[in-house]
Amino acid sequence: MPNNNKFKKYDHIEIEKKWQDYWYSKNIFKTGDINSNKQKFFGLVEFPYPSGQGLHVGHPRSYTALDIISRKRRMQNYNVLYAIGWDAFGLPTENFAMKNKIHPSIITKNNISRFKSQLKSLGMSFDWDREIDTTDPEYYKWTQWIFLKLFEKNLAYKSKSNVNWCTSCKCVLANEEVVQGKCERCSSEVVQKIKSQWTLKITEYAKKLIEDLELVDYPERVKSQQTHWIGKSTGAEIIFKTNTQENIKIYTTRPETIFGVSYLVISPEHEIIKKINNQITNIQEVNNYIIEASKKSSFERTELNKNKTGVKLENIFAYNPVNNNKIPVYISDYVLTSYGTGAIMAVPAHDTRDQEFAEKFNINIIQVINNNNKLINSGFLDNLDIKDAQNKIIEYIKENKIGTEKTNYKLRDWIFSRQRYWGEPIPIIHCEKCGQVPVPESELPLKLPDININNLELSDDGESPLNNCTDWVNTTCPKCKNKARRETDTMPQWAGSSWYFLRYTDPKNKNFLASKENINYWMPVDWYNGGMEHTTLHLLYSRFWYKFLYDLGVVNNFPEPYKKRTSHGMILGENSEKMSKSRGNVINPDDIIRDYGADTLRIYEMFIGDFEKAAPWNTTGIKGSRRFLERYWDLQNLLNNNINNNNKLESEFNKTIKKVTEDIENMKFNTAIASLMGLINIIYDQGEISKEYLRIFTLLLNPFAPHITEEVYKNCNLGENLACQQTWPEYNLSKCTDSETEIVLQINGKLRAKLKLPVNLTQEQVHEKFKNTPEYIKFTSDKQIIKVIYVKDKILNIVLK
């Protein structure tokens, strides 16, 4: 008989606090030793920026998913590393500090404390002993060390360049931080400025960043985004002579169309303009255009649908190197100095932008490729197909020393300076005699100076607030010991997040960023889950830094940091819009945990829909998840210690174990939970459950709802230790098939009856079973059966005359 000792009502507040206190005080999720003979599993989530608003319900979706996987791995006897930290430098904290007159370090400390308590309240199985904070000098000491190594290898340099300038944040932005001409952080206008900036030569790794995507298990859309952003193109650089002493070198991906060139276009920043300005008869008009172009972002300048603008360089001509035709030269902002050579040959017959420009300025259009993709009007290239024409023109420009074959990348070097206080100090000293001198490694970390909160205000000229810290700025040169000045720009927020996963492997190491033994054991990350919004920024930067450290010998067992990368869809507001304070549709997880419980929130966020797709929040759905857990809790009242496993449930349990096991690996959490919901319905139909089946159900549910399952495991004495420390259930494949199946009877194509019958019956056996049903007798009496069609274990179709 079922248990007559009724268990008290499910009280999530009492149960969840009890188990969280126990887990974290006993360090239950501590990472195992690297000398373990277990197989390792390194699970990673994007560590959060600890904002003042705390977590919203979107955060737990990613963390819970990897928590489920990590918990399952522990139960499968893996040595699991699953840690968390804080990406805590950045502009939002500094802006909040200025507005509220509170030091950024105090704000950061308070925000981290809140985030930490929220994550613990969700029951995350992080190893809290490995917690890291990018603002901790013991952490950013090694961020600075990596920068010095980049500087040492000539991969970090400072130069004047045209940069993206946020008019609100008053600092430089990387290309990746500009979205449709706006600052991705504050949505303010981004303009162009010439500034001296620290830059990292990520372009040196462009080829590897594309090629090594073949080594990793990433979704195709993530690989495509990385490949598209890097933007590899092959073509040629070709020299066009001019009627001045200067030549113009262009880059083209279509060298075979060179006979169709009807004009050249150079970027407004092209160096030739200054060199020949006394020969340009409309130089004032050209200079005015350059000033206007400088106010536009790269995005605005290259928009395909924008109105084409430009100015002809009067009195300046170029000569086509293959036929010596004289062609005009224009300046236009749709050509960027940062791509190729900053100059293009325009073939308006075969390029939309060139055509629009040519039509606006009434320039000749020459067709050189016909509808059969053969070259025409192209001299020695005539009648060749495009591929052969490409090969032949490349040979020609090489032989005649007028150009070279060239591979280019759309990827630009990474602008690394930020004119703000709350970031890692760049460990460089400027000496009038010695130039740029690295801070000696023995003096790292170079700590941020304490600053008066009133000195955080931004200057319109874009100088860092660190300029105000004269006692810190003024120093001596490590080489010549003369007076010198510290670099006052700081690193971007992306710096600390480009290597944080390495620090997880050895977070307390005082002598190095992590020991070689720990790095060799734990790296690469086995499974990394993050948002699609970070597939061009953080993912690209962290891969670059890791590859640099690989070349440096710091890591040496795999050239990529992450073996596997998956992405999750965003949780939207109930109105299907992105959650934001301004829209008033933000859901606070604290409220859900208080009213329904952390386990309910975890179940709901995994059940809400396809994990990789966005899904709107639904309050009715959260109530359904709660009801499921209450039904699980009440299984304690169906427990019958006097029965063995019910043979009727054997197949159902084996199928569910198989389904949940496979679905977790495929991140199909919603269907895994659905299978558990289906199984619980079957259990209730039986009216009782054995101790062993309750144990198995509890273990399957444990990664999803760890608190309630630990309580049931203990209440019902289902085994030793904790549920999360048990072995993951295994299934018997031969018992994953149904012993019975529902077969429908159709007569002349219409459904007439259904029978539950043993599987694998023959057509004759099934037919005999249906002959005794009233429906069969009613519809077939006095009728001639012409044909019987049987779809095994599914349908018996009788065709009557």
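For residue 306 and residue 30, what does the FRET efficiency come to when R0 = 56 Å and r is the distance between their Cβ atoms, rounded to the nearest 0.05? Provide the component values of the computation, followed by the final result.
Working: r = 57 Å, r/R0 = 1.02.
Using R0 = 56 Å, I get an efficiency of 0.45.
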Within the chain, helix-based [θ] at 222 nm, where runs of 4 or more DSSP H residues each add -39,500 (n - 2.57), nearest 500: -10500 deg cm²/dmol
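Taking segment 156-201, how much of its Cα-Cα pair set, in percent, is spaced more than 16 angstrom apart?
Details: 335 of 1035 pairs.
Result for the distance tail: 32 percent.
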What is the ratio of the Cα radius of gyration of the chain to 2.2 N^0.38 Å, where N is its residue count, to two decimals? 1.21
Can you tell me what the convex hull of the Cα atoms of segment 36-139 projects to on average, as an area in nm²? 7.3 nm²
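Looking at segment 250-395, what % of its DSSP beta bridges pair antiparallel, to the nearest 5?
Values: 11 of 14 bridges.
The answer is about 80 percent antiparallel.
So how strong a dipole does segment 1-110 carry about its Cα centre when Lys and Arg Cβ are +1 and Asp and Glu Cβ are -1, to the nearest 20 debye? Can you show the working numbers first?
Values: 17 positive and 9 negative charges, 87 e Å.
Using Cβ point charges on Lys, Arg, Asp and Glu, segment 1-110 gives about 420 debye.
Using unit Cβ charges (K, R positive; D, E negative) and no other charged atoms, how large, in debye to the nearest 20, is the dipole of segment 337-426 about its Cα centre? Provide the component values of the computation, followed by the final result.
Details: 12 positive and 12 negative charges, 77 e Å.
Computed about the Cα centre, the dipole is about 360 debye.
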Positive end of the dipole of the chain, charges at C-beta (+1 Lys, Arg; -1 Asp, Glu), about the Cα centre: which of 338, 289, 440 has its Cα farthest in that direction? 338
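Provide, as a two-decimal number, the C-alpha radius of gyration of segment 175-306 over 2.2 N^0.38 Å, N being how many residues it has.
On the way: Rg = 18.9 Å, N = 132, 2.2 N^0.38 = 14.1 Å.
Rg over 2.2 N^0.38 Å, computed on Cα atoms: 1.34.
May I ask you to give the average projected area over all directions of the convex hull of the Cα atoms of segment 467-569, in nm² rounded to one decimal? Walk me through the numbers on the way to the answer.
Working: hull surface 37.7 nm².
Averaged projected hull area, Cα only: 9.4 nm².
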Cα-based Rg (one decimal) and Dmax (whole number) for segment 629-702, in Å? 11.9, 38
Segment 715-763: spread of alpha-carbon positions along the three principal axes, whole Å, largest first, is 61, 24, 14
Karplus-derived HN-Hα couplings along segment 402-411 (A = 6.51, B = -1.76, C = 1.60, θ = phi - 60°), whole Hz, x at Gly and Pro: 10, x, 9, 5, 8, 9, 10, 10, 5, 4
In square angstrom, what is the accessible area per residue of segment 1-70 with a 1.4 angstrom probe? 48 Å²
Largest-first principal axis extents, alpha carbons of segment 412-475, Å: 34, 32, 23
Sort 61-72, 315-326 by packing, meaning the average of other beta carbons within 10 Å per residue, with the highest value first. 61-72, 315-326
Dipole check, segment 11-157, charges on Cβ (K,R +1; D,E -1), about Cα centroid: among 62, 115, 132 the Cα furthest to the positive pole belongs to 62
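Under 8 Å for C-alpha pairs, at least 6 residues apart: give me the relative contact order for segment 530-649, rounded to a whole percent. Each step should come with its number before you reach the end.
Details: 92 pairs, mean separation 26.3, N = 120.
So the answer I get is 22 percent.
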Fully extended contour minus Cα-Cα distance, from residue 512 to residue 338, at 0.36 nm per residue: 59.0 nm
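What share of Cα pairs, in percent, lie more than 22 angstrom apart in segment 653-801?
Numbers: 6081 of 11026 pairs.
It works out to 55 percent of all Cα pairs.
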Given charges at beta-carbon only (K, R positive; D, E negative), |dipole| of segment 673-757 in Debye: 440 debye
May I ask for the percentage of alpha-carbon pairs in segment 604-668 that lie more than 13 Å from each other? 75 percent
Where in segment 609-710 are there trypsin sites (Lys or Arg not before Pro) that are in a DSSP coil and have at most 14 other Cβ atoms within 10 angstrom of their Cβ? 613
Using only the alpha-carbon atoms, how far is helix 619-633 inclined from the longest principal axis of the chain? Give it as 0 to 90 degrees, nearest 10. 40 degrees
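Set the bar at 18 Å for Cα to Cα. Now go through 581/613; 40/516; 613/659; 756/794; 326/392; 207/547 and name every pair that lies beyond it. Display every interim value, and only then the final one.
Numbers: 581/613 22 Å; 40/516 16 Å; 613/659 21 Å; 756/794 10 Å; 326/392 23 Å; 207/547 12 Å.
Over 18 Å Cα-Cα: 581/613; 613/659; 326/392.
Using the C-alpha gyration tensor of segment 737-783, what are the square roots of 5 times its eigenvalues, in whole angstrom, with the largest one first? It would help to have the intermediate numbers written out before the result.
Details: eigenvalues 87, 23, 15 Å².
With the √(5λ) rule applied to segment 737-783, the semi-axes are 21, 11, 9 Å.
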What pairs from 141/182; 223/655; 38/623; 312/410; 658/750; 275/410 go past 30 Å between their alpha carbons? 141/182; 223/655; 38/623; 658/750
To the nearest Å², the heavy-atom accessible area per residue of segment 226-320 with 1.4 Å probe amounts to 45 Å²
10 Å binning of all Cα-Cα separations within segment 552-653, expressed as whole percents from 0 upward: 12, 28, 22, 19, 15, 4, 0
Antiparallel content of DSSP bridges confined to the chain, in %, to 5: 75 percent
Once amide H atoms are built 1.01 Å from N in the peptide plane, which residues 5 or more positions from residue 428, or in another chain, come under 5 Å H to H? 439, 487
Rounded to 0.05, the calculated FRET efficiency for the beta carbons of residue 7 and residue 665 at R₀ = 30 Å is 0.35
How tilted is helix 538-552 with respect to the longest principal axis of the chain? Cα atoms for both, answer in degrees (0 to 90, nearest 10). 70 degrees
For segment 661-730, the Rg and Dmax computed from alpha carbons only, in angstrom: 12.2, 33
Cα convex hull of segment 352-443: mean projected area in nm², to one decimal? 14.0 nm²
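Which percent of the accessible area of the chain is formed by carbon and sulfur heavy atoms (probe 1.4 angstrom)?
46 percent
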Acute angle (nearest 10 degrees) that the helix 104-121 long axis makes with the longest principal axis of the chain, alpha-carbon atoms: 20 degrees
For the chain, what relative contact order do you get, as a whole percent, if you take Cα pairs closer than 8 Å and at least 6 residues apart? 15 percent
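The values are calculated or read from the model by the stated rules, or taken from the named source; none is laboratory data. All values reported here derive from a predicted model rather than from experimental measurement. Methodologically, a virtual Cβ is constructed for each residue, glycine included, from the backbone with ideal geometry; neighbour enumeration extends over all protein chains shown. Accessible surface is based on the protein model in full, side chains and every heavy atom, while ligands, DNA and RNA are left aside. Shrake-Rupley method; radii C 1.70, N 1.55, O 1.52, S 1.80 Å.
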